[in-house]
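*Asks:* Have a look at this one.
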Amino acid sequence: QVQLVESGGGLVQTGGSLRLSCEASTAFFSAYVMGWYRQAPGKQRDLVATISSLKITNYADSVKGRFTISRDNAKNTVYLQMNSLEPEDTAVYYCNTIIRGRAYWGQGTQVTVSS
């Protein structure tokens, strides 16, 4: 059983920054693609960014140039650095990985950007 625990959310003003962290309880963390998703009230859960085992990254168009995903395999942790935050970034952010065809999700962390 894999557990993902997010932290780092909060309330920030427009233009501010936050860094989210997600620690995974798996011995093979470095082998897995890790992702961040977000879900705003009344909307579907959308992909924000992914990072592969080779640290190849992929971003949603809406966050390119503002968000950076990274990973520290020694700490079993994936990060999401969010800069130039906008009210439209307000959502619950979830960490995700897929292992042997099964999706694992964290509990989510709330990010609120005030205008």
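The values are calculated or read from the model by the stated rules, or taken from the named source; none is laboratory data. Note that the coordinates shown come from a computational prediction; the quantities given were computed from them, not determined experimentally. FYI the Cβ positions are ideal-geometry reconstructions off the backbone, even for glycines, and counts take in every protein chain you see. Note: accessible area is taken over every heavy atom of the protein model, side chains too, but ligands, DNA and RNA are not part of it. Shrake-Rupley method; radii C 1.70, N 1.55, O 1.52, S 1.80 Å.
*Asks:* Please go through segment 21-51 and pick out each residue that is among the aliphatic types (A, V, I, L, M) and either at pLDDT 95 or above or touching a Pro at 6+ places or on another chain (Cβ under 6 Å) (or both). Talk me through it step by step, then tell me what you get.
*Replies:* Here is the first cut: in segment 21-51, the residues among the aliphatic types (A, V, I, L, M) are 24, 27, 31, 33-34, 40, 47-49, 51.
Selection gives Ala24, Val33, Met34, Ala40, Leu47, Val48, Ala49, Ile51.
*Asks:* Looking for something touching a residue at least 40 places away in the same chain (Cβ under 8 Å) and of a type in the set (Phe, Trp, Tyr) - is there at least one such residue anywhere in segment 67-77?
*Replies:* No; the residues of segment 67-77 include none that is touching a residue at least 40 places away in the same chain (Cβ under 8 Å) and of a type in the set (Phe, Trp, Tyr).
*Asks:* Mind counting the residues in segment 65-115 that are open to solvent by less than 10 Å² (accessible area, probe 1.4 Å) and in a helix (DSSP H, G or I)?
*Replies:* Residues meeting the conditions: 1.
*Asks:* Could you tell me which numbered condition Gln81 fails, if it satisfies all but one of (1) more than 11 Å from the chain's Cα centre (by Cα); (2) polar (S, T, N, Q); (3) modelled with pLDDT of 95 or more?
*Replies:* (1) is the only condition that Gln81 fails.
*Asks:* Among the residues of segment 1-56, what is the count of those that are crowded, with 16+ Cβ neighbours inside 10 Å, in a strand (DSSP E or B) and β-branched (Val, Ile, Thr)?
*Replies:* Number of matching residues: 4.
*Asks:* Right, next: Any residue in segment 84-99 that is modelled with pLDDT of 95 or more sitting within a Cβ distance under 8 Å of a residue that is among the basic types (Lys, Arg) and assigned to a strand (DSSP E or B)? List the pairs, counting only those 6 or more apart or interchain.
*Replies:* Sorted first by the residue in segment 84-99, then by its partner, the pairs are Asp89/Arg38; Ala91/Arg38; Val92/Arg38; Tyr93/Arg38; Tyr94/Arg38; Tyr94/Arg45.
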